[in-house]
Amino acid sequence: MEYVSEDYTRHYILQALFKLMSENEYERISVKDIAEKAGVGRATFYRHFKCKEDVLMYYLEHNTKKFIYSQRFYPRCKDDYINVVKSVLTMFKENIEPFKLIRKARLEYIYLDYLNKNYITTFEQDYPDKEKYDPYIYAGMLFNVTIAWLDNDCKDTISDLAEIIVNAIYHE
C-alpha cells in the first residue's frame, strides 16, 4: 500500500486521539486537544474529519483495507472460512489496545455500525440472493464475539474461536 501525505496526517491524528484516550476520558477530549497532540491545526483536523468519532471510523476502515489487501483468495470450503476468520481475529488481537480504549469510552456502537455497513455492502455485491437480514447476523455475531473475547482478555485461542464462529454459520 502506498501512502500520501494526507494518510500521514490522518495517522498522526489517530495516534493522538488514542494517546489522549489512554490518559483521559473520551468525553473530556476536544478536537483542539487532538490537533495539538498531533501537531496540526484544528483546520487540518476538520479538513480530514468532521468529528472525533470519524477518526475512529477511519481507524476501522484503514484496518479493513489492510486486511482486504492481505487476502488473496476467495474462500471455497470450511477450512478456507476458518482461515479467514483466524485472520480477522488475529488482526483484532493485534489491535487490542485501541479496541480496549474504544470499549472504555463506550464507543462500541461505532464498531458495530461499521461492521453492519460493511457486511451489507459485501452481501449486496457478492451475495444478492441471500436473506436481507443475513448481513446483520454476521456483523452482530462478529461484534458480540470479539467484544466478549476482548472482555475476557482474548484468553481463548484464535483457532478455537474461529472454529466456533464458522461452525455457527457454515453449512455444507
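Quick notes
- Residue of 119, 58, 46 that the Gaussian network model of the chain assigns the largest fluctuation, springs spanning Cα pairs under 10 Å: 46
- For segment 71-169, Kirkwood radius (reciprocal of mean inverse C-alpha pair distance, Å): 14.3
- Helix-derived mean residue ellipticity, 222 nm - over the chain, DSSP H n ≥ 4, -39500 (n - 2.57), to 500: -24000 deg cm²/dmol
- Working note: Karplus 6.51/-1.76/1.60 with θ = phi - 60° gives segment 19-25 the couplings 4, 5, 5, 6, 9, 9, 6 Hz, where Gly and Pro are set to x.
- All-pairs Cα distance distribution in segment 1-148, expressed in whole percent, bin size 5 Å: 2, 8, 16, 20, 19, 14, 10, 6, 3, 1
- Distance between the pseudo-spin-label points of residue 15 and residue 137 (7 Å out from Cα toward the beta carbon): 4.3 nm.
- Comparing Cα centroids, segment 75-94 and segment 100-164 end up 13 angstrom apart.
- Cα-projected label distance for residue 104 with residue 23, points at 7 Å along beta-carbon direction, nm: 1.3
- Filter on 78/104; 50/130; 37/93 - keep pairs with C-alpha separation over 28 Å: 78/104; 50/130
- Between residue 152 and residue 36, the C-beta separation translates, for a Förster distance of 45 Å, into a calculated FRET efficiency of about 0.80.
- Taking label positions 7 Å along the Cα-Cβ direction at both residue 64 and residue 83, the computed distance is 2.4 nm, reported to one decimal.
Values in this text are rule-based calculations from the coordinates and carry no lab data. Worth saying up front: this structure is predicted, and the values here are computed from it rather than measured. So basically every Cβ, Gly included, is an ideal-geometry build from the backbone, and we count neighbours across all protein chains shown.
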